[in-house]
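The values are calculated or read from the model by the stated rules, or taken from the named source; none is laboratory data. This structure is a prediction, so every number in the text was calculated from the model and none was measured. Quick reminder, even Gly has a Cβ in these numbers, built from the backbone with ideal geometry, and neighbours come from all protein chains shown. Heads up: the accessible areas ignore ligands, DNA and RNA and are worked out on the full protein's heavy atoms, side chains in. Shrake-Rupley method; radii C 1.70, N 1.55, O 1.52, S 1.80 Å.
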Amino acid sequence: MREVHVSAIADAVKKLCMDANWSLEPDMLRAFDRALGTERSAAGKQVLTILKQNAEMARTRRIPYCQDTGMVICFVELGQDVHVTGGALYDAINEGVRHGYQEGYLRASIVRSPFDRVNTGDNTPAVIHVDVVPGATLKIMLMAKGGGCENRSKYTMLTPAAGLPGVKDFVVECVKTAGPDACPPLILGVGVGGTFEKAAILSKKALFRELGSPNPDSTLDALERELLARANRLGIGPQGYGGDTTSFGIHILSYPCHITSLPVAVTIECHAHRHKEVTL
Amino acid sequence: MSVSTGADGIKDVVTPLSDADVTSLKAGDRVRISGVIYTARDAAHGRLLPLIEKGEPLPIDVKGQIIYYTGPSPARPGSVIGSVGPTTASRMDKFTPALLALGLKGTIGKGYRGQPVKEALRQHTGVYFGAIGGAGAVLSEFVKSATVVAYEDLGTEAIRRLEVDGFPAIVLYDCHGGDLYQDGQKVYAREDG
């Protein structure tokens, strides 16, 4: 058994929260550059240029890229030979969020109840998914997920007869209905298969793959490319002002499912795609 | 007139706005907004609506003014404000026609608005500006002062009075029915989906 103390987890999460909000990952910066090379719309190019400046200003001045500093989502891969000591794993993650958001001048955007809507004041709690995996390390993949784009995420239960064409049409329809509200250029996480909740979780997890990298499954990779091309023919463009760059990437994860079912979940992510990870 | 066109073709808009100012703005116009604007989003609008319905005074006089749909991130010590980009405007659609009827002239946000808002913009001579969503760090540079004027308990959702200088925006919907989203997207749409 390898011991990992909760204070190491809290410290790591705190740092991830601040870094994610101040510094976009290199995969996002490369996506801006690629799009600037292909975008035909002058308004679209201008938006992309300003967003690149925004990323640079956020990084150098350590202010958030977007004022919506998101709800924290953590995917934890907990090695089964790790013993978390000194407290509870979930508490440690929330402690890290609390300090990261307060000390990093990040916005508190979480209400304690969807009904009374009183702000918790420190952006806790996070949404935490834990997978137990072989090994003696603890990996934390963290995302600061914006609300505007999350609100445009969708789920459908297709019939097996609707098949692949049905999945494709649903994903493209999601891009269309998200439109400018979700802050395009968008990144889509798509979960196909499993059950109602499994598809939704896969759609979130899919967003952590490096943007621009191929899907390791060649069939899904071809599907991603086809859907991205379709999404970018819609004409919505950066911020919806019209253009060729409506989406930076579409990432798909799939899972076996019941003979009756074809669940499809699409998480919509904006260009403020703030994801970081650490292995303890 | 508080709208004039700069040498670079960008329109300078100084608040407060008159009907004539709003009438001169067309969908697709790039603008620089200067003067006082007010922030308000979901929770603040939720408190304003009952006051309007009861005919009671609002904590701010909206006549001729612009409301910016934003909830800024906290200011670092020595800074005026944190990151301050627009939020999705359609969530405020329920409240906007009543505010336009009271004399509000403009809103700043991002995303589509519903038909009742479009009609109210025409009826009451109002304009809907777009700021670039997610460019909150860049946009903070144009805010010269920020003061909470109502609902401090709402934190980021409080109503703030911002003094802005050259705040960059674009006219999304004008008071003549013009719609930048429709005009811009049809040029590049190559498939109906």
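Summary table
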quantity: Where A:Glu56, B:Glu152 fall by accessible area, highest first, once all protein chains stay in place (1.4 Å); calculated: B:Glu152, A:Glu56
quantity: Occluded residues from region A:46-61, i.e. those whose accessible area drops by 30 Å² or more once the chain is not alone (1.4 Å probe); calculated: A:Gln46, A:Ile50, A:Asn54, A:Met57, A:Arg61
quantity: When each of A:Lys15/B:Lys144; A:Lys14/A:Lys198; A:Lys139/A:Lys204; A:Lys176/A:Lys204; A:Lys45/A:Lys204; A:Lys15/A:Lys154 is checked by Cα-Cα distance, pairs over 21 Å; calculated: A:Lys15/B:Lys144; A:Lys14/A:Lys198; A:Lys45/A:Lys204; A:Lys15/A:Lys154
quantity: Estimated 222 nm signal from helices in chain B, with DSSP H stretches of n ≥ 4 weighted -39500 (n - 2.57), rounded to 500; calculated: -6500 deg cm²/dmol
quantity: Dipole moment magnitude, nearest 20 debye, the protein assembly as shown about Cα centre, only Lys, Arg, Asp, Glu C-beta charged; calculated: 460
quantity: Value of Rg to Rh for region B:3-188 (Rh from inverse mean 1/r over Cα pairs, i.e. Kirkwood); calculated: 0.94
quantity: Check: chain B dipole with +1 on Lys, Arg Cβ and -1 on Asp, Glu Cβ, in debye; calculated: 100
quantity: For chain A, the fraction of alpha-carbon pairs in successive 5 Å shells from zero, as %; calculated: 1, 6, 12, 16, 17, 17, 14, 10, 5, 2, 0, 0
quantity: Number of partner chain Cβ atoms within 10 Å, mean per residue of B:105-112; calculated: 3
quantity: Rounded to the nearest 20 debye, dipole of chain A from Cβ charges on Lys, Arg, Asp, Glu; calculated: 620
quantity: Rg/Rh (Cα only; Kirkwood hydrodynamic radius) as it applies to region A:1-58; calculated: 1.27
quantity: Convex hull projection area averaged over all views, region A:148-272, Cα basis, nm²; calculated: 6.7
quantity: Region A:118-167: translational diffusion in µm²/s, Stokes-Einstein, Kirkwood Rh over Cα pairs, 20 °C, 1.002 mPa s; calculated: 138
quantity: Estimated vicinal HN-Hα couplings, Hz - region B:14-25 in sequence order (Karplus 6.51, -1.76, 1.60; Gly, Pro = x); calculated: 10, 7, x, 10, 9, 4, 5, 4, 5, 4, 7, 8
quantity: Area projected by the alpha carbon convex hull of region B:51-99, averaged over all directions, nm²; calculated: 4.7
quantity: For region A:83-178: accessible area per residue (Å², 1.4 Å); calculated: 46
quantity: Antiparallel DSSP beta bridges within chain B, percent to nearest 5; calculated: 60
quantity: Cα Rg, Dmax, region A:206-248, angstrom units; calculated: 11.7, 34
quantity: Nearby lysines by direct alpha-carbon distance to B:Lys63 (threshold 16 angstrom, same-chain neighbours under 8 apart not counted); calculated: B:Lys105
quantity: Computed lengthening from A:Arg62 to A:Leu280, 0.36 nm per intervening residue step minus Cα-Cα distance; calculated: 76.0 nm
quantity: Sorted largest first, extent of the protein assembly as shown alpha carbons per principal axis (Å); calculated: 73, 50, 43
quantity: Antiparallel %, DSSP beta bridges [both residues in the protein assembly as shown], to 5; calculated: 60
quantity: Protein heavy-atom accessible area occluded, A/B pair - total, 1.4 Å probe, Å²; calculated: 3600
quantity: Dipole-positive endmost among B:Gly28, B:Leu104, B:Ala75 within region B:3-188 (Cβ charges, Cα centre); calculated: B:Gly28
quantity: Residue order for A:Tyr255, B:Tyr112, B:Tyr69 - accessible surface, 1.4 angstrom probe, largest first; calculated: A:Tyr255, B:Tyr112, B:Tyr69
quantity: Dipole of chain A, positive end: most advanced residue of A:Leu48, A:Tyr155, A:Ser7 [Cβ charges, Cα centre]; calculated: A:Leu48
quantity: Solitary cysteines of chain A, where the nearest other Cys Cβ is not under 4.7 Å; calculated: A:Cys17, A:Cys66, A:Cys74, A:Cys174, A:Cys257
quantity: Antiparallel %, DSSP beta bridges [both residues in region A:148-272], to 5; calculated: 55
quantity: Cα pair distances exceeding 24 angstrom across region A:70-219, given as percent; calculated: 46
quantity: Candidate aspartates and glutamates - alpha carbon under 12 Å from A:Lys145, same-chain residues fewer than 8 apart omitted; calculated: A:Asp68, A:Glu269
quantity: Most mobile of B:Lys105, B:Lys54, B:Lys118 in a GNM of chain B (Cα contacts under 10 Å); calculated: B:Lys54
quantity: Listed residue (A:His273, B:Val148, A:Phe170) projecting farthest to the positive dipole end of the protein assembly as shown, Cβ model; calculated: B:Val148
quantity: Carbon and sulfur %, accessible surface of region A:88-200 computed with the full protein complex present, 1.4 Å; calculated: 58
